[in-house]
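Derivation of every value follows stated rules applied to the coordinates shown; laboratory data play no part. Fair warning: this is a prediction, and the values are worked out from it, not measured in the lab. Virtual Cβ from ideal backbone geometry, glycine too; neighbours counted across all protein chains shown.
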Amino acid sequence: MPTSNRLYGPRLRALAIATTVVLLGAFVLAAFSAPIEADQGFSQKIFYVHVPLAIVTLCGFVFAGICAVQYLRSGDSRHDLRSYTAIHQSLIFCVGTLLTGAIWAKASWGKFWVWDEPTLVSFLIVFLLYACYQPLRFSIEDPERQSRYAAVFAVVAGAFVPINFAAVRLADPLIHPRVLNTAGGDLPDGMRLPFYLAIVGIALLFATLYRYEMTAKHSRAQLRALRRRLGEDAGDGVNRSAAPRIAAS
Amino acid sequence: MSARPPATLAAARAVLAKELRLERRAPQTLVAMALYSSTAYVVFHFALARDTVDGSLAAGVLWVTLTLAALLGIGRLFVSDRDEGGLEGFLLAPVDRSALLLAKAAALLAFLVAVQLVAVPLFAILLLGPAPGAGGWLRLVLVLLLADAGIAVVGTLVAAIAVQTRARDLITSIMALPLLLPVLIAASRATAPLFAEAGAGALAGRWLAILGLYDLLFALLAWALFDYLVED
Amino acid sequence: MAPEAPAEPSSAATPRAPAARRGARSPNPTGAQGAGGEPAHAIELDALVRRYGERAALDGVTLALPAGSTLVVFGPNGAGKSTLLRVLATLLRPTAGTARVLGCDVLREGWRVRGRIGFLGHEPLLYGDLSASENLAYHARLHGLRDASARIAELLERVGLASRSADRVHTFSRGMVQRLAVCRAVLHDPAVLLLDEPRANLDPAAAELVEPLVGRSSGRTRVVTSHDPVGGLAEGDLALGLRAGRQALLAPAADVRPAQVGELYR
């Protein structure tokens, strides 16, 4: 697709290169230069993946909620596409957060799942809620209504996240004595740089995947439009889709 | 004959009166919810192999039962309007769309309270170990009302979304349950001390605060978003 | 005031505005409310488009209908007749173009339009578990009618349902439901009627009963869909033919031959 190449290609390539460089740098620093944590040993290194994943996931959901509000205000389907793509990618990152969290829990407490880790429990609940997004879209046929309802869901779910975190955290008065504050506020000096680099790297990874999916969606829309212009059957009639339909630019 | 567009509250009263009349005439939802909760107690008796429950177990049994019964009500909330075109009938009237949200949430709240008037005493008779005193019951009523308000608002929102989908029952359940989790957490934690063996414990204010915050937040959201769910 | 109309099927891709309606488009929406200040055209459509996803159900419909006259809409199933009625009833938003009913834009002033239209679609919009009079009373409350019971009794009398007014609608035959739906549509004495095949399910005697309420003699502005070329042309002042959402025919009904309507279905 020459058009989509012109629109997205160079930036996508630059993003991918930047992601690789920053992530590699962060992980090399984390593995070799950051101090080994006394209690947990090397397994604590997963912190440099887990926490950035969690932060980026939440930012992605917030971004999706903002795009959804913009869609509801303007009716412009590009905002819906942004919201959809952000939730899609954030869901994948959310799974990553849960998996790395489980591995970390196994390494430090010997169990894959512990209920007295409120942040992780909250992530599970948030995942369960956002996992409804695709089925919801899929079960609404009219594309315009699908976008509208999905946007309402994205806004409601976005507001749900903080109150859910509050409820889960309050439910557990005995928070595990943590070596590290998840917010990273009181990190030892050697850990700070790789940690912040890892956040930037994971955010760049999110941006790359996000842009890649957007490019793919646009290309598909253009392909469909070209097919229709050629008089071919573009498959609009039979294929139900959970993804937003966008008009080819 | 004089006609003036009715105020939101007047329109909401008209819709609510219609809802209650329909339910009185053909009491499907309430009967189903009440039967469901009674059966759930029997299931819990055998599944837990316990004659009585107390403390956090009692709170858990009660809230799981009430929540699942509420799901039945949520699933049915807009069905008659969709099947019989009542939604369009409402949309053709010169009234604020929020009147429908208000009326539906009030109807759901009324259903929840009505079912709980049966289901909670039944729970005390069938399963609850130590019965709390009068003060304990009063505190339970406060928690129930705060939780019901949240369930009614979020349930109305979910029901309005789900009724337009092809898989109404599935969407209702998978969406409402996670959304209601904060209510469940707060309500069951708040009720657990009331059912404690050692006599009714104090009611933790923070749970009431969470419930109140939840009710307020989702009421505002529903108010702002409901129009988008009924317009076409 | 007869709108200019292409006698032959025209591709409506380029909307042409009838000359007569330029002066009539009064920018003053309150003019629609006063008895003397009725806009000359009860319904004005300008390049109206409604899409479902990528499919256009209405594609560039442009017309003006004088107050008090009847627009009859022809077209095969799926041509956009019901969509047109639903846009006029503010149940569907236009995707592009404008639609004005009694001088009010359906998108921006929908709440003004709603109280002044009577909509009769394929669904009766009645609750089966409520009685005939309860259904009408509910709609009367939603429309803010006070002391509606006399009006309800009178309407039920006129459509021959007075003896069944306390019975649940579930027990009614389809023709009776349709008659009750007619009562619902005219309950608030609307200035404009939007009727989707209003005589469906009605036998000739019942059709006769509802004629003064929704027929030509009701004196209201009407938009009626029809599949019957002869009968439809007889009751309309202006005929609109739709084919795949496009305006294939627009002419004074008196100038249209039934065969031209038949062309639409081919």
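Residues with amide H under 5 Å of C:Leu58's amide H, sequence separation 5 or more or different chain, H placed in the peptide plane at 1.01 Å from N; which?
Sorted by chain and number, the residues that satisfy this are C:Arg50.
Kirkwood-based Rg over Rh for segment B:53-97 (C-alpha set), two decimals?
Numbers: Rg = 17.8 Å, Rh = 13.1 Å.
Ratio of gyration radius to Kirkwood radius: 1.35.
Can you list the lysines whose alpha carbon is less than 28 Å from that of A:Lys45, not counting same-chain residues fewer than 8 positions off?
Answer for A:Lys45, where 28 Å is the Cα cut-off: A:Lys106, A:Lys111, listed by chain and number.
With charges set only on the Cβ (+1 for Lys and Arg, -1 for Asp and Glu), what does the dipole of segment B:4-229 come to about its Cα centre, in debye to the nearest 20? Display every interim value, and only then the final one.
Details: 16 positive and 14 negative charges, 56 e Å.
My answer is approximately 280 debye.
At a 10 Å Cβ-Cβ cut-off, how would you order B:Met33, C:Met176, B:Met175, fewest neighbours first? Intermediate values should be presented prior to the final figure.
Working: B:Met33 25, C:Met176 21, B:Met175 28.
Starting with the residue having the fewest Cβ neighbours, the order is C:Met176, B:Met33, B:Met175.
Considering every Cα-Cα pair within chain C, what fraction, in whole percent, is farther apart than 34 Å?
Working: 6006 of 35245 pairs.
Result for the distance tail: 17 percent.
Tell me which of A:Ala159, A:Gln70, A:Ser122 sits at the most positive position along the dipole axis of segment A:49-179, charges placed on C-beta atoms (Lys, Arg +1; Asp, Glu -1).
About the Cα centre, the residue reaching furthest to the positive side is A:Ser122.
222 nm [θ] for the protein assembly as shown, helices only, -39500 (n - 2.57) per DSSP H run of 4+, per residue, to 500?
Working: 24 runs with 429 residues, N = 747.
Computed ellipticity for the protein assembly as shown at 222 nm equals -19500 deg cm²/dmol.
Can you check what the Kirkwood hydrodynamic radius comes to for segment A:49-179, Cα pairs only, in Å to one decimal?
Working: mean 1/r = 0.0645 Å⁻¹.
One decimal place: 15.5 Å for the Kirkwood radius.
Which value does Rg/Rh take for segment B:4-229 over its C-alpha atoms, Rh per Kirkwood? Intermediate results must be reported in sequence, preceding the final value.
Working: Rg = 18.1 Å, Rh = 18.2 Å.
Rounded to two decimals, Rg over Rh is 1.00.
Could you pull the Rg and Dmax for segment B:86-154, using just the Cα atoms, both in Å?
16.9, 54
Mind checking which lysines have their C-alpha under 29 Å from B:Lys18, skipping anything on the same chain fewer than 8 residues away?
B:Lys104
Quick one: Cα centre-to-centre distance for segment C:223-260 and segment C:156-186, in angstrom?
Cα centroid of segment C:223-260 versus Cα centroid of segment C:156-186: 30 Å apart.
Can you give the charge dipole size of the protein assembly as shown about its Cα centre, rounded to the nearest 20 debye, using +1 on the beta carbon of Lys and Arg and -1 on the beta carbon of Asp and Glu?
On the way: 72 positive and 59 negative charges, 266 e Å.
The calculated dipole for the protein assembly as shown is roughly 1280 debye.
With no solvent and one point per C-alpha, what does the Debye sum give as log10 I(q)/I(0) for segment B:104-232 at q = 0.14, 0.22 Å⁻¹?
-0.68, -1.32
Looking at chain B, identify the longest residue range that excludes and avoids all GluC sites (Glu not before Pro) in DSSP loops having at most 16 other Cβ atoms within 10 Å.
On the way: sites that count: B:Glu197, B:Glu231.
After excluding every exposed loop site, the longest remaining stretch is B:1-196.
Picking from C:Pro212, C:Leu65, C:Leu155, whose Cα lies most toward the positive end of the charge dipole for chain C (charges on Cβ: Lys, Arg +1; Asp, Glu -1)?
The one lying farthest along the dipole's positive direction is C:Leu65.
When the scattering of segment C:125-227 is computed by the Debye formula from its Cα atoms alone, each counted once and equally, what is log10 I(q)/I(0) at q = 0.13, 0.16, 0.21 Å⁻¹?
Each listed q maps to, in turn, -0.42, -0.65, -1.14.
Taking only the alpha-carbon atoms of segment C:214-265, what semi-axes of the equivalent ellipsoid follow from 5 times the gyration tensor eigenvalues under a square root, in whole Å, largest first? Mind showing how you got there, number by number?
On the way: eigenvalues 73, 28, 19 Å².
Each semi-axis is the square root of five times an eigenvalue, giving 19, 12, 10 Å.
Quick check: convex hull over the Cα atoms of the protein assembly as shown, volume per residue in Å³, rounded to an integer? Display every interim value, and only then the final one.
On the way: hull volume 141.1 nm³, N = 747.
Spread over its residues, the Cα hull of the protein assembly as shown gives 189 Å³ apiece.
Which of B:Ala47, B:Val158, B:Ala12 sits farthest toward the positive end of the charge dipole of segment B:4-229, with +1 on the Cβ of Lys and Arg and -1 on the Cβ of Asp and Glu?
Positive-most Cα among the choices belongs to B:Ala12.
Taking the Cα atoms only, what angle lies between the long axis of helix B:205-230 and the longest principal axis of chain B, rounded to 10 degrees?
That works out to roughly 20 degrees.
Quick one: if you stick a label point 7 Å off each Cα along the C-beta vector at A:Asp189 and C:Ser149, how many nm between them?
8.8 nm
Within 10 Å of each Cβ of C:139-149, how many other protein chain Cβ atoms are there on average?
Values: counts 6, 4, 10, 14, 10, 12, 5, 5, 2, 2, 0.
Average neighbour count from other chains, rounded to a whole number: 6.
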